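The values are calculated or read from the model by the stated rules, or taken from the named source; none is laboratory data. Just so it is clear, the structure is predicted and the values come from calculations on it, not from any experiment. Counting neighbours? That spans all protein chains shown, and the Cβs are built from the backbone with ideal geometry, glycine included.
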Amino acid sequence: MARRILITGASIAGTTAAWWLGRHGFDVTVVERSSTFRDGGQNVDIRGVGREILRRMGLEQAALEHGTGEEGTAWVDDRGRPVARFPAGGAEGDGPTAEMEILRGDLARLLYDGARERAVFRFGEAVARIEQTPEAATVTFAGGRNENFDAVIVAEGVGSATRELVFPGENTPRPMDLTIAYLTIPRAPSDDRFWRWYNAPGGRSVQLRPDPHGTTRAMLALHGPLPGAQDWDAARQKAFLRERFADAGWETPRILAALEQTDDFYFDVLRQVRMPRWSNGRVVLTGDAAWCVTPLAGNGATLAVTGATVLAGEFFRNDDVVAGLDAYERAMRPMVEEAAGVPKIGPRIMHPKSRLGIRLLHGGLGLASRPRLRGLFAKLFAQKGTEPDLSRYDGLTA
């Protein structure tokens, strides 16, 4: 009889794990708290080992075809004039914009469409309790139903409720002193295919990015501690943004006006998840629930795809569940720790407080964007050889 696996969370990590496990004879159930599949979200990119995994899944070309069409990154002044431009990944490697840029929801949809062929998805469902014995994990769902599983994979977000059920108080989050609000706004004729980044005094940035759906993705970022603001209601968060960005300039009035109509507003006080362990008996964490490195690391989607694939590979290779979970952690820790090592000074440098600081930032970026130096800048976004060895999972095939 196939090993029964429960996955909580139907985003990138959860659907990737379901895709692999379902194809290799496991009995997979995925529960998702939302009542329907969530297509929303902002840009993510897939680099290095993550792209190799999509290639092995037969999804690389589809992901490229569903890409945002972003052609590069440009820092602009208050009149929208570029002061530094970095084209998308080329001969010198990916820079801020990777060759494979895709919306979170579009990537998750590709994975979900493949995974649901061999896995059962139950929406509007959540875990209320997990009790373990040496033989199984007994899960009580919010509706009162009890089921036994051989393993439970928690693939939820940074604030995972299921993680807290099994690992109470073990997360020691690292605040990154940066708050970002995301929303989708109507596309304007002036919008191009570049990620445009504008800095305003006071540690603020305003960013616009293209998408493939005829709209534009907007971000408002503010440097500095803002503890607990992620728990404010949306009305308070929007009022805060209107106040703090009222005089920011450039395209800010257009974005603030769209706050009233948007249906995908998301406000995040960036904090990394820091867990001393990722498994407890037959329950294991992956993706943001295990290691959220925040968008500052630039490879959260790559980590999600990679971690889920390694986890599925270890289930495939090991008859003993606990041994497989230990091997998964050994394989993924180096890559995660490197990604989580982004210095907190990074957001501060990229969000100067003064006009002089902005001029210095623009001067440095302008120098780095010159063709002869662009390759060196791209190396800042490259992985450093800590990726797991995929040859270990050659038996895990599409």
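What to note about this one:
- Selected residue [out of contact with any strand residue (DSSP E or B) (no Cβ under 6 Å at 6 or more places or on another chain), modelled with pLDDT of 95 or more, within 30 Å of P201 (Cβ to Cβ) and part of a loop (DSSP other than H, G, I, E, B)] from P276, P343, P352: P352
- Matching residues in region 321-373 - criterion: being small (G, A, S), buried (at least 19 other Cβ atoms within 10 Å of the Cβ) and closer than 30 Å to R3 by Cα: G324, A327, A331
- Of the candidates A297, A378, the single residue that is in contact with a strand residue (DSSP E or B) (Cβ under 6 Å, 6 or more places away or on another chain), of a type outside the set (V, I, T) and at pLDDT below 95 is A378.
- Residues of region 106-116 satisfying the condition of being surrounded by fewer than 19 Cβ atoms within 10 Å (Cβ to Cβ) and closer than 30 Å to A74 by Cα: R109
- Here A248, A218, A257, A239 are screened, and the one residue that is over 25 Å from the mean Cα position of the chain (by Cα), crowded, with 18+ Cβ neighbours inside 10 Å and small (G, A, S) is A248.
Results for (1) under 21 Å from the mean Cα position of the chain (by Cα); (2) surrounded by 13 or more Cβ atoms within 10 Å (Cβ to Cβ), shown as yes or no for each residue.
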site	(1), (2)
R118	no, yes
A128	no, yes
P134	no, no
T138	no, yes
G144	no, no
T162	yes, yes
R174	yes, yes
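- Tally, over region 63-96, of residues that are over 30 Å from W250 (Cα atoms), modelled with pLDDT of 90 or more and surrounded by fewer than 17 Cβ atoms within 10 Å (Cβ to Cβ): 2
- Taken across region 318-327, residues that are part of a helix (DSSP H, G or I), β-branched (V, I, T) and within 18 Å of the chain's Cα centre (by Cα) do not occur at all.
- Lone unmet requirement of (1) surrounded by fewer than 17 Cβ atoms within 10 Å (Cβ to Cβ); (2) more than 26 Å from the chain's Cα centre (by Cα) for E99: (2)
- Only one of the numbered conditions (1) acidic (D, E); (2) modelled with pLDDT of 95 or more; (3) closer than 21 Å to G159 by Cβ is not met by D264, and that is (2).
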